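Novice: One structure is given below, represented as structure tokens, and several questions about it will come after.
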Amino acid sequence: MADLTSNFLGIKSPNPFWLASAPPTDKEYNVRRAYEAGWGGVVWKTLGEEGPPVVNVNGPRYGVVYGADRRVLGINNIELITDRPLEVNLEEMARVKADYPDHALIASIMVPCDEDSWKRILPRVAETNCDGIELNFGCPHGMSERGMGSAVGQVPEYIEMVARWCKKYYDRPVIVKLTPNITDIRYPARAAKNGGADAVSLINTVSSITSVNLDNFSPEPSIDGKGSHGGYCGPAVKPIALNMVAEIARDPQTRGLPISGIGGVTTWRDAAEFMALGAGNVQVCTAAMTYGFKIVEEMKRGLSAWMDEKGYATLSDFVGKAVPNVTDWQYLNLNYVTKARIDQDACIKCGRCYAACEDTSHQAIWMHEGRVFEVNDAECVACNLCVDVCPVENCITMERMPAGSVDPRTGKTVSDEYANWTTHPNNPMAVKAAE
Amino acid sequence: MTSPFTPGIASGRLDAETLARNFSDLHPAYDPHEAAVAADRCYFCHDAPCITACPTDIDIPLFIRQIASGMPEAAARTILEQNILGGMCARVCPTETLCEEACVREAAEGKPVEIGRLQRYATDSLMARQGHPFTRAPETGRHVAVVGAGPAGLACAHRLAMKGHTVTIYEARPKAGGLNEYGIAAYKSTDDFAAREVDWLLGIGGITIEYGKALGRDITLDGLRGTHDAVFLGIGLGAVNALEAEGADKDGVGDAVDFIAILRQAEDKAALPVGRNVVVIGGGMTAIDAAVQSKLLGAENVTVAYRRGADRMGASQFERDLATSKGVRILTDVVPKAVHGNGAAREIELEYTAEGPDGLKGTGETLRLPADQVLRAIGQVLDPVDGLTLDGRKIAVTGAGRTFLPGVWAGGDCTPGEDLTVVAVAEGRDAAEDIHATLTGMVS
């Protein structure tokens, strides 16, 4: 049996599945039940300053995007940080940590961007004996209008500054949670590192409007006929998150900086993908909000079974294994020539490959008498669209042309030597081979 | 109190609650979520095989996509533009041998998109909320006679009326709808749907129906030709093939089509008499409809006796499975030889058959089944109409239903082709287009 024990920044947890700071982690009742259900760690719902807590709207907080059969693909929310008094949250955190010493407990914090505010709250958080803190520089809605959340996360200098304050006034691990609502994720990640942060976690939610009511023309979720952008999360944002995690993992300036992966983790496979791209653990919210805490059981069993199958004894055996394979476009092998192949026995003759190729790609699929679909190699650029739209798995595959054969599209002999754009004759910037 | 075991032919074999359950909707309507899930299964195929398989060429992927995107009434319009009886066709089409057989998901997983039920969802949605969705073109001053208010006649009349022509339908029976009203198993057209659909269809305006007017009895083809600009014959098949077996005149021997018609018109099914032992002769949809409904009325034993193998039966696999699931026994490779009994049928004698070089022959071996009621479902034939050229036993037509008499078109079961509601609708519609083109001088 694979060992799922996780050690992230020295914080031990029985598994790498943490609940992200969000509605599911707002109070003691939920967090105790989450641990009992098997979650390895919890990042407590974001704490704010001492004093009257924030208030939430009293209408809907969530909007949704559905796939088939009302499957939740994405949720957005306009909920703010915890709306319960700081003291109440801290007392509950201390009690929970005392009862679950082997589970990770992280405090998420969002206070104004001045040193005093951080200096005030950090010792009180430390008293709870939680394992570390996460700086919420990510929420794109509500709090950002007050100069917090993503308003900080969008300014690398602020990130660096606040991270430095936190390292100064707090002696346990500091994680900076990043917003994806920026142009290049590497800048805030570098700032976090420069400020001394121990890790980054990403992504927070994506600024979004999920839908518009076409009767009253209000964005959803609608509060008395008006809507505000919310933070989008769930399976729909996973590809965005994977890329951002990978960018940080392979950036020379942040390479080795621990990452907690967040963004649409719904199954063990999603988790394994984040971890392969360099995340030391993952945080989950939408899947739990959709299916309940029990969802973690599938994640644990799935990851364990996959690790056994692949022979990985511990998480560190595969964390980061995909990072070396993430590269820039210019380094992709232009001599890798493939052609689509349609398995006629598997084909159900829907013609979607044909419509896609004929209407929107390269007119490389023939439709013969009797709805027989065949690839015209002389036109096929191997774009893969036919594979993507085919409803039958493995019916269309991309097959590599062997070295020595002639690509009928280009008339060129296929080579098995690696060659990329940097040396291609069409590239005006091509690096000339040494004379 | 009678029961399934009461001898002879008797009514009231089952209680009212059981009868109501037995004759409830065969394919219950989808609720909106079920429809959305079912619609989502459609792959939106290129040049979709289901469209090719539909006699009325409904753009099925398009209407299903309209359902999926939350516009069932717009989906209905897509359907009804091609097939004004799309509501009935959704209920009675043998989709398992038409669109759903062609569905690529049938090939892929043996479970096609449920096109028929989706079509019903769309058409029901429209009919529940909207009036008639189409508008008439300005009056042309042309007057067309349509004989028969069945699917072919109604489809033809509707399309002509839409084009601005005035239509009079001459119908022999007291109600319109043809086999939609008088044929077809009751569980396929519940809540008086056939009549409601006719009323809704007539909402186009410009159509008058004269009831009790039978061709050859009350009206003549020559007469109609003299008083109208064109004539369309959608007269169906009015006669039934005779049963060539000794004792076929005994009490208890009747036509399945009559049995079905009476059942469809009955206010109270408990009042309908049915045999304890029913034998239906034939292998088509009518035979299955009669047999299943006999069973649902409370007959103890119901047998369908067909002269060839199961693979030659006109009824689809789905229909045969439906029958056997209701407890009907399907006996193949037998022909009726005699009906025995003293005045009334008590037993039927069947002879086994074998396919030989000279066709189907009796083997000499016989069997006897108890039979209080014998229902003939061995095919219907055209009541001859003077002056028309025949093609086999049906009215010969060329192109879009043109008979060999100028100004006379025909369609539906009275012309060659499959005897299906959806085929009749297509023929009526296409004839109307041809009549319109002829009357407006676009073709001659």
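Novice: Work from the charge dipole of segment B:332-417 (Cβ charges, +1 for Lys and Arg, -1 for Asp and Glu, about the Cα centre) and give the residue of B:Thr363, B:Ile395, B:Ala377 farthest towards its positive end.
Specialist: Sorting the options by dipole projection puts first B:Ile395.
Novice: Using amide H atoms built 1.01 Å from N in the peptide plane, name the residues 5+ places from A:Ser6, or on other chains, whose amide H lies under 5 Å from its own.
Specialist: A:Ser13, A:Asn15
Novice: Right, something else. When a/c reaches 1.5 or more, the comparison of a/b and b/c decides; with that in mind, is segment A:10-121 rounded, prolate or oblate per its Cα gyration tensor? Walk me through the intermediate numbers first.
Specialist: Numbers: a/c = 1.99, a/b = 1.13, b/c = 1.76.
Because a/c hits 1.5 or more and a/b fails to exceed b/c, segment A:10-121 counts as oblate.
Novice: Mind computing the radius of gyration and Dmax over the alpha-carbon atoms of segment B:377-443? Å is fine for both.
Specialist: Cα only, segment B:377-443: 12.4, 44 Å (Rg, Dmax).
Novice: Rounded to the nearest 20 debye, what is the charge dipole size of segment A:51-205 about its Cα centre when +1 sits on each Lys and Arg Cβ and -1 on each Asp and Glu Cβ?
Specialist: Taking the Cα centre of segment A:51-205 as origin, the dipole is about 280 debye.
Novice: Work through the residues other than B:Lys337 whose Cβ is under 9 Å from its Cβ and net out their charges, Lys, Arg +1 and Asp, Glu -1.
Specialist: Numbers: positive: none; negative: B:Glu246, B:Glu349, B:Glu351.
Charge balance in the 9 Å sphere: -3.
Novice: Using the Karplus curve 6.51 cos²θ - 1.76 cosθ + 1.60 with θ = phi - 60°, what ³J(HN,Hα) values do you get for each residue of segment B:45-53, in whole Hz, with x for Gly and Pro?
Specialist: Result, ordered by residue: 4, 6, 6, 4, x, 5, 5, 4, 6 Hz.
Novice: Still on this structure, please answer the following. Taking segment B:1-129, how much of its Cα-Cα pair set, in percent, is spaced more than 23 angstrom apart?
Specialist: Cα-Cα pairs in segment B:1-129 separated by more than 23 Å: 37 percent.
Novice: So, one more: To the nearest µm²/s, what D does Stokes-Einstein give for segment A:262-311 at 25 °C and 0.890 mPa s, using the Kirkwood radius over alpha carbon pairs as Rh?
Specialist: Translational diffusion coefficient: 223 µm²/s.
Novice: Counting only Cα, what are the radius of gyration and maximum Cα-Cα distance Dmax of segment A:301-375, in Å?
Specialist: Cα only, segment A:301-375: 20.0, 55 Å (Rg, Dmax).
Novice: So what's the projected area for chain B, the Cα convex hull averaged over all directions, in nm²?
Specialist: Mean shadow area of the hull around the Cα atoms is 22.9 nm².
Novice: If the elastic network links every pair of Cα atoms under 10 Å, which of A:Cys139, A:Cys383, A:Cys130 fluctuates the most in the Gaussian network model of chain A?
Specialist: Residue with maximal mean-square fluctuation among A:Cys139, A:Cys383, A:Cys130: A:Cys383.
Novice: Once you have the Kirkwood Rh of the protein assembly as shown from its Cα pairs, apply Stokes-Einstein at 20 °C and 1.002 mPa s and quote D in µm²/s.
Specialist: Here the translational diffusion coefficient equals 64 µm²/s.
Novice: Also: Can you report the principal axis dimensions of chain A using only the alpha carbons, biggest first, rounded to whole angstrom?
Specialist: So the extents along the principal axes, rounded to whole Å, are 73, 63, 47.
Novice: Another question, if that's okay. Farthest toward the dipole's positive end in segment A:1-135, which of A:Thr46, A:Pro112, A:Leu90, given Cβ charges of +1 (Lys, Arg) and -1 (Asp, Glu) about the Cα centre?
Specialist: Of the candidates, A:Thr46 comes out farthest on the positive side.
Novice: Gap in Å between the Cα centre of segment A:52-119 and the Cα centre of segment A:366-405?
Specialist: Centre-to-centre distance over Cα atoms comes out at 49 Å.
Novice: If you place +1 on the Cβ of every Lys and Arg and -1 on the Cβ of every Asp and Glu, how big does the dipole about the Cα centre of chain B come out, in debye to the nearest 20? List each step's numbers first, then the result.
Specialist: Numbers: 42 positive and 60 negative charges, 62 e Å.
It works out to roughly 300 debye.
Novice: Compute the relative contact order of segment A:129-273 as a whole-number percentage, counting only Cα pairs closer than 8 Å that sit 6 or more residues apart in sequence.
Specialist: 22 percent
Novice: While we're here: Counting other beta carbons within 10 Å of each residue's own, what order do A:Phe8, B:Phe318 fall into, fewest first?
Specialist: Least crowded to most crowded, the residues run B:Phe318, A:Phe8.
Novice: Would you work out the relative contact order for chain A, in percent, from Cα pairs under 8 angstrom that are 6 or more residues apart?
Specialist: Here the relative contact order equals 13 percent.
Novice: Could I ask something else about it? Filter chain A for me: DSSP H helices, axial length by Cα at least 15 angstrom, mean Kyte-Doolittle hydropathy not below -1.0. List them by residue number.
Specialist: Qualifying helices, which must be both long enough and hydrophobic enough, are A:86-99, A:115-126, A:156-169, A:238-250, A:295-310.
Novice: Sort segment A:80-141 into rounded, prolate or oblate with this rule: let a ≥ b ≥ c be the square roots of the eigenvalues of the Cα gyration tensor; rounded if a/c is under 1.5, and if a/c is not under 1.5, prolate when a/b is larger than b/c, oblate otherwise.
Specialist: Prolate, because a/c is 1.5 or more and a/b exceeds b/c.
Novice: Here's something else I'd like to know. Can you list residues from other chains, or at least 5 along the same chain, whose modelled amide H is less than 5 Å from the amide H of B:Val146?
Specialist: Distant-sequence amide H within range of B:Val146: B:Thr168, B:Ile169, B:Tyr170, B:Phe232.
Novice: Oh, and also: Relative contact order of chain B: what whole-number percent is it, with Cα pairs under 8 angstrom and at least 6 residues apart?
Specialist: 18 percent
Novice: I need the per residue convex hull volume for segment B:121-166, using only the alpha carbons, in cubic angstrom as a whole number.
Specialist: 77 Å³
Novice: OK, next. For segment A:15-42 and segment B:270-305, compute the distance between their C-alpha centroids and round to whole Å.
Specialist: Computed from Cα coordinates, the inter-centre distance equals 64 Å.
Novice: Go through segment B:369-386 residue by residue and turn each phi into a ³J(HN,Hα) via Karplus (6.51, -1.76, 1.60, θ = phi - 60°); whole Hz please, and just put x for glycine and proline.
Specialist: Once θ is set to phi - 60°, the couplings for segment B:369-386 become 10, x, 8, 8, 9, 10, 10, 7, 9, 9, x, 10, 10, 5, 6, x, 10, 4 Hz.
Novice: Would you calculate a helix-derived [θ] at 222 nm for chain B, using -39,500 (n - 2.57) for each DSSP H run of n ≥ 4 and dividing by the full residue count, to the nearest 500?
Specialist: The helix-only estimate for chain B comes to -10000 deg cm²/dmol at 222 nm.
Novice: Across segment B:68-129, how large is the tail of the calculated P(r) beyond 14 Å, expressed as a percent of all Cα pairs?
Specialist: 55 percent
Novice: For chain A, with a Gaussian network of springs between Cα atoms less than 10 Å apart, report the residue from A:Ala403, A:Ala34, A:Ala104 with the top mean-square fluctuation.
Specialist: A:Ala403
Novice: While we're on this one: What's the Kirkwood radius of segment B:248-322 in Å, using all Cα pairs?
Specialist: Numbers: mean 1/r = 0.0776 Å⁻¹.
Taking every pair of different Cα atoms in segment B:248-322, averaging 1/r and inverting gives 12.9 Å.
Novice: Using Cβ counts within 10 Å as a stand-in for footprinting exposure, how do A:Met143, A:Met110 rank, fewest first?
Specialist: On the way: A:Met143 21, A:Met110 28.
Fewest-to-most ranking of A:Met143, A:Met110: A:Met143, A:Met110.
Novice: Here's something else I'd like to know. Quick one: divide the alpha-carbon radius of gyration of segment A:50-191 by 2.2 N^0.38 Å and tell me what you get.
Specialist: Ratio of Rg to 2.2 N^0.38 Å for segment A:50-191: 1.14.
Novice: As an exercise, find the ratio Rg/Rh for segment B:136-289 from alpha-carbon atoms, using the Kirkwood inverse-distance average for Rh.
Specialist: 1.05
Novice: Mind listing the Cα extents of segment B:245-377 along all three principal axes, in Å, largest one first?
Specialist: If we take the Cα atoms of segment B:245-377, the spans are 50, 38, 21 Å.
Novice: Just to be sure I understand: with springs between alpha-carbon atoms less than 10 Å apart, which residue in A:Met244, A:Met367, A:Met275 has the highest mean-square fluctuation in the Gaussian network model of chain A?
Specialist: A:Met367
Novice: Report, by chain and number, residues whose modeled amide H sits under 5 Å from the one on A:Ser211, excluding near sequence neighbours (fewer than 5 apart, same chain).
Specialist: For A:Ser211, the qualifying residues are A:Glu220.
Novice: Now for a separate question. For the protein assembly as shown, with the dipole built from +1 on Lys and Arg beta-carbon atoms and -1 on Asp and Glu ones, taken about the Cα centre, which of B:Ala315, B:Thr166, A:Ser304 lies farthest toward the positive end?
Specialist: A:Ser304
Novice: Moving on to the next point. Arrange B:Glu246, A:Glu369, B:Glu106, B:Glu81 by Cβ neighbour counts within 10 Å, fewest through most, would you?
Specialist: With the fewest neighbours first, B:Glu246, A:Glu369, B:Glu106, B:Glu81 line up as A:Glu369, B:Glu246, B:Glu81, B:Glu106.
Novice: For segment B:175-237, run through the trypsin sites (Lys or Arg not before Pro) and keep only the ones in DSSP coil with at most 10 other Cβ atoms within 10 Å of their Cβ.
Specialist: Details: sites: B:Lys175, B:Lys188, B:Arg196, B:Lys213, B:Arg217, B:Arg225; in loops: B:Lys175, B:Lys213, B:Arg217.
Taking segment B:175-237 and a limit of 10 other Cβ atoms within 10 Å, the loop trypsin sites (Lys or Arg not before Pro) found are B:Arg217.
Novice: Then there's this: Would you mind working out the magnitude of the charge dipole of the protein assembly as shown relative to its Cα centre, with +1 at each Lys and Arg C-beta and -1 at each Asp and Glu C-beta, to the nearest 20 Debye? Don't skip to the answer; put the middle values down first.
Specialist: Values: 84 positive and 114 negative charges, 260 e Å.
The dipole of the protein assembly as shown has a size of about 1240 debye.
Novice: Roughly speaking, what is the centre-to-centre gap between segment B:23-48 and segment A:219-296 when only Cα atoms are used, to the nearest Å?
Specialist: Measuring centre to centre over Cα atoms gives 35 Å.
All of the numbers you see were taken from the coordinates with simple rules; none came from a lab. Keep in mind it's a predicted model, so treat the numbers as computed, not measured. As a convention, Cβ positions derive from the backbone with ideal geometry for all residues, glycine included, and neighbour counts pool all protein chains shown.
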